[in-house]
Each structure stands twice: as structure tokens, then as C-alpha cells.
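The next block holds one structure in the form of C-alpha cells; read it before the comments.
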Amino acid sequence: MGFERQADFGTPEVTSDTQVSLTIDGRAVTVPAGTSVMRAAAEIGGAIPKLCASDNLAAYGSCRLCLVEVDGMRGTPASCTTPVAPGMVVHTQTPRLAKLRKGVMELYISDHPLDCLTCGANNDCELQDQAAAVGLRDVRYGYEGKNHLAQPVDASNPYFDFDPAKCIVCSRCVRACDEVQGTLALTIDGRGFASMVSAGQTGDDFLSSECVSCGACVQACPTATLQEKSVKEIGKPERAVVTTCAYCGVGCTFRAEMRGEQLVRMVPWKDGKANHGHSCVKGRFAWGYANHQDRITSPMIRDSIDQPWREVSWDEALGFTAARLGAIKAQYGARALGGITSSRCTNEETFLVQKLVRSGFGSNNVDTCARVCHSPTGYGLKTAFGTSAGTQDFDSVMHADVILVIGANPTDAHPVFASRMKRRLRDGAKLIVIDPRRIDLVRSPHISAEHHLALQPGTNVAVLTAMAHVIVSEGLADEAFIRERCDWDEYQDWARFVCDARHSPEALEPVTRVAAETLRAAARLYATGGNGAIYYGLGVTEHSQGSSTVMAIANLAMVTGNIGRPGVGVNPLRGQNNVQGACDMGSFPHELSGYRHISDSAARALFEQDWGVALDSEPGLRIPNMLDAAVDGSFRALYIQGEDILQSDPDTAHVSAGLAAMDCVIVHDLFLNETANYAHVFLPGSTFLEKNGTFTNAERRIQLVRKVMEPANGPDGKGMEDWEVTQALANAMGLGWHYTHPAEIMDEIARLTPSFAGVSHARLEEAGSLQWPVNEAHPDGEPIMHIDGFVRGRGKFVVTDYVPTDEKTGPRFPLLLTTGRILSQYNVGAQTRRTPNSVWHEADVLEIHPTDAENRGLKTGDWVRLASRKGETTLRAEVTDRVAPGVVYTTFHHPETQANVVTTEFSDWATNCPEYKVTAVQVAASNGPSDWQEDYADLSARARRILPAEAAE
Amino acid sequence: MPTFPPARAASCRRKRPNKMDATRLHTMANQIARAFAAEGEDQAIAATAEHIRLYWDPRMTAAILADDRKALSPIAAAAVDRIAG
């Protein structure tokens, strides 16, 4: 594709059962009833001049350029606000209209700088295009009158400028902020000639306002008023390539707009089925890490971790690694080796890493970072429904009547999906939030949760069981659905269990700290409010009862019949871009791709035949077990693809002890991350901009990732995509792989995985995206699962008994710490910390309730010591009633803080997913960094020393 | 020239890292048993044994089999016995 903007039909698409036929400029057209004349004209290739209209915004009718004449209708109506009518005869280009439009355009241009040749939007400007379209040749009013040309530029946002001198006050930015993003940060200030776009209150600039820098306004702007700084610096792009974002599990698709191999900007793709043309600050703007000076582009090795790194050739690095792995295998056996696949890499790349571990290393010690986020989702939903995945597509939320959000913070962690959810909430859906913190969604412009259940951390199962108690005991269960779709005997056992008086909201109130009446009202609303949809995140899974909570959620959905149609369902919001895909690809130690247990001899035989090697039939070690076994001495080598376990995994002291005990740690990453402090081999990775492949998002949607530039990890185009690095390592070990393109890896996946049988890169090119399963039964994929019956047959009600966590508060550690994320940073921050996103969040802070702060003599900005029985760190406090008394909260985006020094070894009973969300802590005033922080800073500096490569002879 | 002791720099010194000794495995087994306990003793024993069989690496299973059952709940102990055959 060359560089053309995507077509804009002027007003949003309308769906209707009734079709309307009319004539526009002598051409017949038939469109759904309710469509605007403007859109109807655009659909037959017409181009009615417009400035304030855009097909992602409701018609506004303010610019007066899109006027048309309609036979039998008086005057010249605006085509954007005029709906089509049967038999209508429309004229879009007449002498009368031309005169009117030219007059309007003259007024616009009389207050617009005529600096087109030096303007950043030159040749990519709707105002310029419309001036050309209406044939503007002069401005009768002259340019000397009162104008806005001396307004200063607001350059406060790190990614885009606001130049009010160029503004035509079309309100597209304000409407995009309202309708598309739902933040309502922008407004038109003043009246008449004084009308100005304003961010926030008087005195605010874009940065200090409530603007979340999603870029919707920039995309909506028809002039250079709101424009990316990168376009100003680099110039107009010359081509665009559609690819998939590598941040969160929403899986937005973008047009990477390029000049040669230089990325100019990322613009959300309107045809993307996950994001429908919307974006957030991370995906749209935070890609500068790809060219950051910290990026390591040469392989490096060292004999032991007290030595500096040595830059070496790929051949030397791979030879060194293969020899070490071979020696360890010979001495300690195959089960001493393992690998971790990355949920940030492509399906093809994760598949190859698990193939390398199973067929090359010879063990099943492969795991992925889903272990520490959504492994309980896999276990819980497979048990209840038969598939380890969410039941809906994102569009389903537009049909929901009651939205229950538990343990998720969509506006920060899944912002683009949150915008859709907010749109539905503004349109009338009811909201229930179950979260210890008052997340933004609880109360934001035009949105107010009906119920916020601010539960005590660690009591999810108690709250959900109490909700089930209300639903069953008050006769709100959908028995017809249950009889038809679920196991009736299991349901009765479960119903008896939840009806027990000890599960009533009143009995559990002292434990959950949720008022019984509030809980009853929330349960009634979910059961009786129409389509009920549950969205959940890591606040559900990262507990010692994570898997039980997932099953309790499944129980609630089944008992109310909220499964198997649009608008309902159980929707896990996945953390990383490809965490669903990594799980699908067989990254867990007990199962092959497509969730088939390693002990299943038929499934194993399929792989053994294809790969020509016998596989171990016993499950391997999970990440925490690997670290335990390393300390024990039976696990000696680990290949880590794109994950920073030292920072992201709990109980940092234990992780570092495990890593330090190994003989060969291979880190395959973009940067020398924290884990690399303990590594012997560093293999430089490639960014998502430098590779081909696929990601699978939270709605099971498989989308293509397309390479737009050469990998930086090798000179002169000899860089390698991550799958090529894994292949090179496999070949150094003598495995003889010869994939030439990720499409061939996908063909192998399809061959070996029933739910992917119909997937290929060619098919994805053609369809845009596919939601698995894609096979004979579902040739075009399946947006909504379990429509006619559950995948496992009958839905399973599982008795979920509330078991308090072993992590308890007491006199030494009286507060409960819970951890989470914020909008501008992503996970361990390896990428976002290396972008200007840090202006929004330069350090982790500790949220503490005013009462707890006062008791400790703390105020916002104070250094505080955060200690648990595991360790301690220091950070600055933020006093806020967003958290309840007794609860404190922080993020884990910065290695200087390392919140995980404090978190514990406790984990989910079924999957060992760590209990990040509950740690008993004490907080006290502090003078500065803890001993641990100082030691670690020292270690980091020494571990990252690099000796330059020796000059060639 | 200071030496580079990873264990020192990495740990909080006061804390012992939790080794993959049987203590950790006892906690895991007890947690699994507790999660299934509501299904009744017989069913819970079978489910616990099955869970360990499906998800534990052989060295973990071997370690818990080799250890005594004192730290295990009755359901977990019975499940481990069942795996031992």
C-alpha cells in the first residue's frame, strides 16, 4: 500500500433491516435506512466537501461545506445530518452550492496562516484539499482583520503539538475525545469569534489536563492544529503497512506509516476488528524504544556473571551456548534444561521455543509469563467450559446490559477496549465494579457504577459465592438454561453448597468488608438486568485462589444463563499482546499446542512423528518450580525469550538465588534487562516492527504482524528476527531446522493443532483476522463460543469453597499491599520507560489511605519504607482515598523500586500463579533507598559492564 | 578489588530462599487438597492425586513421595499414598 489516508465516509455506518434507494448526481444508490446523504454519496465514490464530519464521529453539521440540494426540499441542507429517504434526488455539485462553499471556505482561510509549504501537514491536510475542491482562488475579506494567528503553540505533550493558530474550530478533536475515547478532556471554550479548543481548565495545557494522550484528537484533526511531532520532524510518510500492536492483549491494528525504513507514525487502522480505528498512548506513540540507545544489537557472552560482557559474533555466541547446553545435558540429564517463551513474541516464535525445549533440550521444562498472570484462566475455564479462553469478541460489549468488572482496571491496562466499554455504559448499560481500589471506571464523566464492592484483598471467592447465594436462594437462577446446557446433578450439589447460610452476604460481611445489602443488590442486578457480561483481569487470577475465582465467575455466568450469545459471557482481559497465543502454542510444561496434555499418547505421537524425535511424557517444571529446582541443584540451564523474570516475578530474592545457581542463563531480549544481570549469554532480539508473524489477542483473534524495517541485531541486513535466532540456536545444537519464513511455522502449527487447522498466513491476509477455532467445523473462526453447547459437553459447576490466604496481617505487618498497572507504563517498563511516556509516570508510588498515612505521619511525596516478611524497598507515598483503609497499592514498572522484593512465594493452588495481589506489609517514614536497593544498583552497574569487541586482525 | 557475590547482592540476607525442599511441596499439596475438600473426602483424594499427576514434574512427585507425611493434611497424605501405589 502506498501512502493514502484511509477512506472517510463522513458519518458512521448504520445497520438496518430496511434498505433505502435514492439518486445522487444521477446515480442510483441503495443504503440502509438511517444512513446520511453524505455517506450514501461516498459509498458510490462521490466526494461531498466536508470539514467537521468523520465516519468515527456522530454527524455535527457545523462546517457548512457539505451542503447539498435535494429536489422538493427547501434550501441547502447539510448532507451529514440529512438522512436518506426513498426516492430522494440529490445534487451535490451545482453552481449554487459551489458559490456557497467557496464563501464558507473564504471565511475559514481569512483566519488561517498561509504557510502551507512549510506546514507539517502540507499535502496531507483536509483544509488544503477542500480549498482545492471548492476552487478557492482568493479571499475577498483580506487577511488584515481580527484573527487567531498569534496564538502560542502548546508543545507540552511529548508526542504532539497543539497549534491554535491553525484551528478551524470544527470540534472534531472535542468530539473524538468525548465519543471515541470517552475521557472528555477537551472542550470548546468561549463563544462566537472567541471560541477556542481548550484542554482542561483555564491555565491547563495538554499535559496538565485530563488528556490521556490516546491520539484520537490528533487523528481527527483536519489541519495541522493537532499533529504528531514526529511528522513535523521527519515529513510526510511515503507508505503504510498494517501491523499489530505489541503492547496489551487488546491487539490493536495500526498502519505503520513509513519513510523508507524510518517509522514516522503509527495510526490506528479503521478496519482493525479489535480497535476499530482507536488507540492508546502506548500503541500509538510509545514505539521510540525500538531505536533507543540502550538497545543491544550484538550477541554477548561471559563465562561467569562476575565478568563483564564480551561482544562476539553470532557464530561464537551460538557455539558457546550450544556447547554449554550440551555439557549440562550430558552431566545432569535433559531435565536440567528448560526455557521460557515470551508472550510478547509471535505465535511462531513461541512455538519454536517450546519445540526447541521439547525436541532439542529433551525436557518439558517450558513455561511462559502466563504462569504469573492468566494461568488460572486456562485451568478454570477449561474445567468449567472446556476451553482455555474467553467466550466473546470485544464487539459483544455493545450488546451488554450489565457489565461486571472484577479485578481489572480496563482504562489503564486495556484502554482501547475500555473506551468501547465506556461508550456502552454512556448509552445506558449498568456497571458493577468489584475491586479493592476505586478504579477510574467507578466514577468518570457520564459514568457511575451502580455498585462498587470495595472488597478486602483476597476475598474474591467469598464475594462471588455470596453473589451466587443470593441468586440461587432468591430464585433468580436460569433453570431452563442450566437444565439444557449444564450437568444438572452437579448444579444441584453446587446450589446446595452456595445456599448454605455460611455463604450468605451477611455471614461473609466481616470477611469481605462488603455491605451485605450492596452485595445483594449487585447480585440481583447481574441476574436480572438483561445481558450480563463479566470482564476480569489479574485481580482475579493472581491469588492463592485464582483458579477457584475463575471457576466461581464461570458458575455465576452459567447460573444466570449468560453464556453463548452476544452481550454476555466470561471475558478475561489478557495482559500481554500474545499471552493467549503463547498459551495456545503449547508453552505450558504439561501440554502441547491446542491444550493437549503431554501424557496424551495420541497427541504426543503426532508431534513425535512430525519432529522425528521421542518426547518426554511427564510434565515439566513451571517457572517457580524451575527456580526451586535450581536452588536445589537439579535445574541448571534456562533459555529466556523476551521476559524479565527478575523484575516481574514475585519474591525477587528467591528469583535471583535461582538464577545465580544456574550454569547457563540465556537471555534473548532487546535490552540488558534485570534478569540479564544473572545471564551468561545475551542474544539480541528484534522488535515487533522488525518481524513477520502473528499475535493472538484476548478475544482469540489471530492477526498478522508485518515487518516494516530490518532487525537491528546484525550489520548490513544480517539481523535476525527472533524466530531466526531460536532456529540458529537449534541448528547450533544440531537440530537441522530450515524454516525460511514464519508462514512455514504457522503451517506446522496448523498441521499439529486441531483448533488452528484452518489457519495460514495466506488465509489471514485474505480475512484480515480469524478467531480460533478455525477448522472444518468453524471455517471462518468463532467470535462467540459455546453457542449451542459447551465445548466440554455440559457446563460444569465447580464447588468453590472460600479458603483464606496464608498471607495474613498482624502486628508487624498490619496493611495489605496489592499491585497493579497504570496507563502510560507497560509491565516491567522495559519498553515504555525508554520512551517519553515517563513524563506521566517516572517512578512507582505507594497509594495509602489518609487514615493510615496520618497514623504514620506521612504525606504525599514522602519517602516511605515498604516492608514485608520477604524484603523491603522504598518509594514515595501518595495519600489518596482511592484505596480503602488498611490497603496500600503500587505498580511494578520501575526496577529501582522492584515492588516484587516485597511480594511472597504464595501462589494459586492449581497453577502456581503468584499471589501478587495480597502481601501483608508495614509502611513507615524513610530517609531514602533501602540497603537492598543500594546493593542492587551496585550489582546492576557491575553486571552490565561490556567490553568492546576486539578489533579484527 | 571487591569480589562479586551474587547471593549476597541478590538476597535480603536475613531471608533464606525457599529451597525446593519438601516444605514447599507440602504447602502445594495441602493447598490442592484443601481446594478439593468440599467435594467430599473420597473424591478429594482422587482429585488431589490426579492433579499432582497431571501438573507436577517427576522430581517434585518423587520428593514428596520420599518424604514423610507428617506435614500433610489427611487428604493430601492419602493422595500421596495413592500415587505411591
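Pairs meeting the criteria (first residue in the range A:609-625 and farther than 18 Å from A:HIS590 by Cβ and at pLDDT below 95, second residue among the β-branched types (Val, Ile, Thr) and not in a loop (DSSP other than H, G, I, E, B), beta carbons under 6 Å, at least 6 apart or on different chains) are lacking.
Among the residues of the range A:890-927, just one is within 10 Å of chain B (Cβ to nearest Cβ), among the aliphatic types (A, V, I, L, M) and over 21 Å from A:PRO811 (Cα atoms), namely A:ALA910. Among the candidates A:VAL570, A:VAL579, the residue that is closer than 30 Å to A:ARG524 by Cα and away from chain B (no Cβ under 14 Å) is uniquely A:VAL570.
Suppose we filter the range A:539-555 for residues that are away from chain B (no Cβ under 14 Å) and touching a Phe, Trp or Tyr at 6+ places or on another chain (Cβ under 7 Å); how many remain?
Start the filter on the range A:539-555 by keeping residues that are away from chain B (no Cβ under 14 Å), which leaves A:539-542, A:553-554.
When the remaining residues are screened for being touching a Phe, Trp or Tyr at 6+ places or on another chain (Cβ under 7 Å), the result is A:542, A:553-554.
Qualifying residue count for the region: 3.
What number of residues within the range A:599-610 satisfy the criterion of being surrounded by 14 or more Cβ atoms within 10 Å (Cβ to Cβ) and more than 9 Å from chain B (Cβ to nearest Cβ)?
Within the range A:599-610, the subset surrounded by 14 or more Cβ atoms within 10 Å (Cβ to Cβ) is A:599, A:603-604, A:606-608.
Adding the requirement that they be more than 9 Å from chain B (Cβ to nearest Cβ) leaves A:603-604, A:606-608.
The qualifying residues number 5.
Within the range A:519-538, if we keep just the residues that are closer than 19 Å to A:VAL472 by Cβ and either surrounded by fewer than 24 Cβ atoms within 10 Å (Cβ to Cβ) or under 25 Å from the mean Cα position of the chain (by Cα) (or both), the residue that is farthest from the other protein chains (Cβ to nearest Cβ) turns out to be A:GLY529.
If you go through the range A:23-51 and keep only what is of a type outside the set (S, T, N, Q), open to solvent by 10 Å² or more (accessible area, probe 1.4 Å), in a strand (DSSP E or B) and in contact with a strand residue (DSSP E or B) (Cβ under 9 Å, 6 or more places away or on another chain), you end up with A:ALA28, A:VAL29, A:PRO32.
Among the residues making up the range A:552-570, a single one is within 30 Å of A:ILE822 (Cα to Cα) and open to solvent by 10 Å² or more (accessible area, probe 1.4 Å): A:PRO566. Scanning the range A:411-465 for residues that are among the basic types (Lys, Arg) and not in a loop (DSSP other than H, G, I, E, B) yields A:ARG420, A:LYS422, A:ARG423, A:ARG424, A:ARG426, A:LYS430, A:ARG437, A:ARG443.
Looking at the range A:611-666, which of the residues that are of a type in the set (D, E, K, R) and either within 25 Å of A:HIS374 (Cα to Cα) or open to solvent by less than 10 Å² (accessible area, probe 1.4 Å) (or both) is farthest from the other protein chains (Cβ to nearest Cβ)? Steps first, answer last, please.
Here is the first cut: in the range A:611-666, the residues of a type in the set (D, E, K, R) are A:616, A:618, A:622, A:628, A:632, A:636, A:643-644, A:649, A:651, A:663.
Narrowing the set further to residues that are either within 25 Å of A:HIS374 (Cα to Cα) or open to solvent by less than 10 Å² (accessible area, probe 1.4 Å) (or both) leaves A:618, A:622, A:628, A:643-644, A:649, A:651.
Numbers: A:GLU618: 5, A:ARG622: 8, A:ASP628: 3, A:GLU643: 18, A:ASP644: 15, A:ASP649: 13, A:ASP651: 8 Å.
Top of the filtered list is A:GLU643.
For A:THR818, are the conditions met, namely being farther than 30 Å from A:GLU484 by Cα, outside any loop (DSSP other than H, G, I, E, B) and out of contact with any helix residue (DSSP H, G or I) (no Cβ under 6 Å at 6 or more places or on another chain)? Yes, satisfied. The set of residues in the range B:27-47 being touching a helix residue (DSSP H, G or I) at 6+ places or on another chain (Cβ under 7 Å) and closer than 16 Å to A:SER544 by Cα consists of B:ALA29, B:ASN30, B:ILE32, B:ALA33, B:ALA35, B:PHE36, B:ALA37. Evaluation of A:LEU114 against the conditions (1) of a type in the set (A, V, I, L, M); (2) modelled with pLDDT under 95; (3) part of a helix (DSSP H, G or I) shows that the sole unmet condition is (3).
Scanning the range A:850-881 for residues that are within 13 Å of chain B (Cβ to nearest Cβ) and surrounded by fewer than 16 Cβ atoms within 10 Å (Cβ to Cβ) yields a count of 0. If the condition is being open to solvent by less than 20 Å² (accessible area, probe 1.4 Å) and either under 12 Å from A:CYS221 (Cα atoms) or small (Gly, Ala, Ser) (or both), then the range A:169-197 contributes A:CYS170, A:SER171, A:ARG172, A:CYS173, A:VAL174, A:ARG175, A:ALA176, A:CYS177, A:GLY182, A:ALA185, A:VAL197. Contact annotation: residue pairs with Cβ atoms under 8 Å, 6 or more positions apart or on different chains, pairing a residue in the range A:374-385 that is under 18 Å from A:ASN697 (Cβ atoms) with a partner that is assigned to a helix (DSSP H, G or I) and open to solvent by 10 Å² or more (accessible area, probe 1.4 Å), are A:HIS374/A:LEU538. Just so you know, in the range A:309-368 the residues that are among the charged types (D, E, K, R) and open to solvent by 30 Å² or more (accessible area, probe 1.4 Å) include one that is nearest to A:ALA582 (Cα to Cα), and it is A:ARG344.
Of all the listed residues (A:GLY736, A:GLY714), the sole one being without any contact (Cβ under 8 Å) to a residue 40 or more places away in the chain and not in a helix (DSSP H, G or I) is A:GLY736.
When the test is whether a residue is modelled with pLDDT of 95 or more and out of contact with any Asp or Glu (no Cβ under 9 Å at 6 or more places or on another chain), A:GLY283 passes it. Taken over the range B:57-82, the residue count meeting the criterion of being open to solvent by less than 40 Å² (accessible area, probe 1.4 Å) and either at pLDDT below 95 or touching a helix residue (DSSP H, G or I) at 6+ places or on another chain (Cβ under 8 Å) (or both) is 13.
Matching residues to (1) under 27 Å from A:THR541 (Cα atoms); (2) in contact with a Gly (Cβ under 8 Å, 6 or more places away or on another chain):
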| site | (1), (2) |
| --- | --- |
| A:GLY861 | no, no |
| A:VAL901 | yes, yes |
| A:THR904 | yes, no |
| A:PRO929 | no, no |
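Does the range A:103-118 include one or more residues that are charged (D, E, K, R) and surrounded by 17 or more Cβ atoms within 10 Å (Cβ to Cβ)? Walk me through it before giving the result.
Filtering the range A:103-118 for residues charged (D, E, K, R) gives A:106, A:111, A:115.
Applying the additional criterion that residues be surrounded by 17 or more Cβ atoms within 10 Å (Cβ to Cβ) yields A:106, A:111.
Within the range A:103-118, one or more residues are charged (D, E, K, R) and surrounded by 17 or more Cβ atoms within 10 Å (Cβ to Cβ).
State which residue is nearest to A:PHE481 (Cα to Cα) when the search covers only the range A:791-812 and only residues that are surrounded by fewer than 23 Cβ atoms within 10 Å (Cβ to Cβ) and away from chain B (no Cβ under 14 Å). Per the criteria, the residue is A:ARG794.
Matching residues to (1) within 12 Å of the chain's Cα centre (by Cα); (2) of a type outside the set (Asp, Glu); (3) within 16 Å of A:TYR379 (Cβ to Cβ); (4) at pLDDT below 50:
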position: B:ARG8; (1), (2), (3), (4): no, yes, no, yes
position: B:LYS15; (1), (2), (3), (4): no, yes, no, yes
position: B:MET20; (1), (2), (3), (4): yes, yes, no, no
position: B:ARG24; (1), (2), (3), (4): yes, yes, no, no
position: B:GLN43; (1), (2), (3), (4): no, yes, no, no
position: B:ALA47; (1), (2), (3), (4): no, yes, yes, no
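Look at the range A:178-196 and say how many of its residues are under 30 Å from the mean Cα position of the chain (by Cα) and without any contact (Cβ under 8 Å) to a residue 60 or more places away in the chain. Give the steps one after another, and end with the answer.
Taking the range A:178-196 as the starting set, the residues that turn out to be under 30 Å from the mean Cα position of the chain (by Cα) are A:178-187.
Next cut, without any contact (Cβ under 8 Å) to a residue 60 or more places away in the chain only: A:178, A:185-187.
Going through the range A:178-196 one residue at a time, the tally reaches 4.
Scanning the range A:928-945 for residues that are open to solvent by less than 30 Å² (accessible area, probe 1.4 Å) and either part of a helix (DSSP H, G or I) or within 7 Å of chain B (Cβ to nearest Cβ) (or both) yields a total of 7.
Out of the helices (runs of 4 or more DSSP H) lying entirely within the range A:273-374, which hold 1 or more residues that are under 30 Å from A:PHE254 (Cα atoms)? So that I can check it myself, show each step before the final result.
Details: elements: A:281-285, A:314-332, A:347-355.
Because the criterion is at least 1 residues that are under 30 Å from A:PHE254 (Cα atoms), the helices (runs of 4 or more DSSP H) in the range A:273-374 that meet it are A:281-285, A:347-355.
The values are calculated or read from the model by the stated rules, or taken from the named source; none is laboratory data. These numbers were taken from a predicted model, which means no experiment stands behind them. As a convention, Cβ positions derive from the backbone with ideal geometry for all residues, glycine included, and neighbour counts pool all protein chains shown. Just so you know, the surface numbers come from the protein's heavy atoms only, side chains and all, with ligands and any DNA or RNA stripped out. Shrake-Rupley method; radii C 1.70, N 1.55, O 1.52, S 1.80 Å.
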